[in-house]
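S.K.: Dropping a structure here in structure tokens format, bear with me for questions.
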């Protein structure tokens, strides 16, 4: 049975309708990155996971989880699901592009290696529809009424990103850390 090792819940401001998860040493704008996830939930390269959002003016809610093994599927609680993998050097950064960095250098228990990623999304279409309706009801997007209703949409579009190391075997130091075992050379 798998165990959740880390859960981080935070608001994220998508830039150009996406946010990015990558190793802190990686420049997400350097050549070799994935294509923007236009029409898709995710786009990946070896060291980057880009998550597509339908928003660029409204914050979304991100739940990031690290697991010691593949977590159970979430079922019908989410509207969309995508799977991928990303290589991380024991840390990750959540990059919001021009909006800044939400998290820099979050240490992962799994250490260095390939991580499987499962990404779920919910309420993407609903928030887009409700945001468009705001412009029908309020002619001035700077009005107090418009801004109050816009704030009510913040965090309604939500994402769950689950990461885990698939290659952890009995000889991997991270596997020993998780199981509570000590390395053979540390036994007395």
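S.K.: Contact list please: Cβ distance under 6 Å, first residue in the range 1-20 and within 13 Å of residue 159 (Cβ to Cβ), second residue at pLDDT 95 or above and surrounded by fewer than 16 Cβ atoms within 10 Å (Cβ to Cβ), pairs at least six apart or on different chains.
M.R.: These pairs meet every condition: 9/63.
S.K.: Now for a separate question. Let me spell it out: the conditions are (1) loosely packed, with under 13 Cβ neighbours inside 10 Å; (2) under 17 Å from residue 166 (Cβ atoms); (3) touching a strand residue (DSSP E or B) at 6+ places or on another chain (Cβ under 7 Å), and residue 9 meets all of them except one. Which number is the exception?
M.R.: Failing condition for residue 9: (2).
S.K.: Related question: Picking from 43, 53, which residue would you name as being farther than 24 Å from residue 166 by Cβ and touching a strand residue (DSSP E or B) at 6+ places or on another chain (Cβ under 6 Å)? Before you say what the answer is, go through the steps one by one.
M.R.: Details: 43 fails: farther than 24 Å from residue 166 by Cβ.
Residue meeting the stated conditions: 53.
S.K.: From the list 90, 84, which one is in a strand (DSSP E or B), under 26 Å from residue 54 (Cα atoms) and at pLDDT 95 or above?
M.R.: Details: 90 fails: under 26 Å from residue 54 (Cα atoms).
Step by step, each of 90, 84 is checked, and only 84 is in a strand (DSSP E or B), under 26 Å from residue 54 (Cα atoms) and at pLDDT 95 or above.
S.K.: Would you pick out the residues in the range 17-32 that are on the phi > 0 side of the Ramachandran plot and more than 17 Å from the chain's Cα centre (by Cα)? Show your work before the answer.
M.R.: Initially, the range 17-32 is screened for residues on the phi > 0 side of the Ramachandran plot, giving 17, 32.
Once the filter is applied, which keeps residues that are on the phi > 0 side of the Ramachandran plot and more than 17 Å from the chain's Cα centre (by Cα), the range 17-32 yields only 32.
S.K.: Something else now. Identify, please: which residue in the range 142-167 is part of a loop (DSSP other than H, G, I, E, B) and modelled with pLDDT of 90 or more and is, among those, nearest to residue 52 (Cα to Cα)? Spell out the reasoning first.
M.R.: Step one: of the range 142-167, the residues part of a loop (DSSP other than H, G, I, E, B) are 142-143, 154-157, 166-167.
Next, from what is left, pick out any that are modelled with pLDDT of 90 or more: 142-143, 154-157.
Working: 142: 27, 143: 29, 154: 17, 155: 15, 156: 15, 157: 12 Å.
My answer is 157.
The values are calculated or read from the model by the stated rules, or taken from the named source; none is laboratory data. Predicted model only: the values in this text are computed from it and were never measured. With ideal geometry, Cβ positions are generated from the backbone for all residues, glycine too; neighbour counts draw on all protein chains shown.
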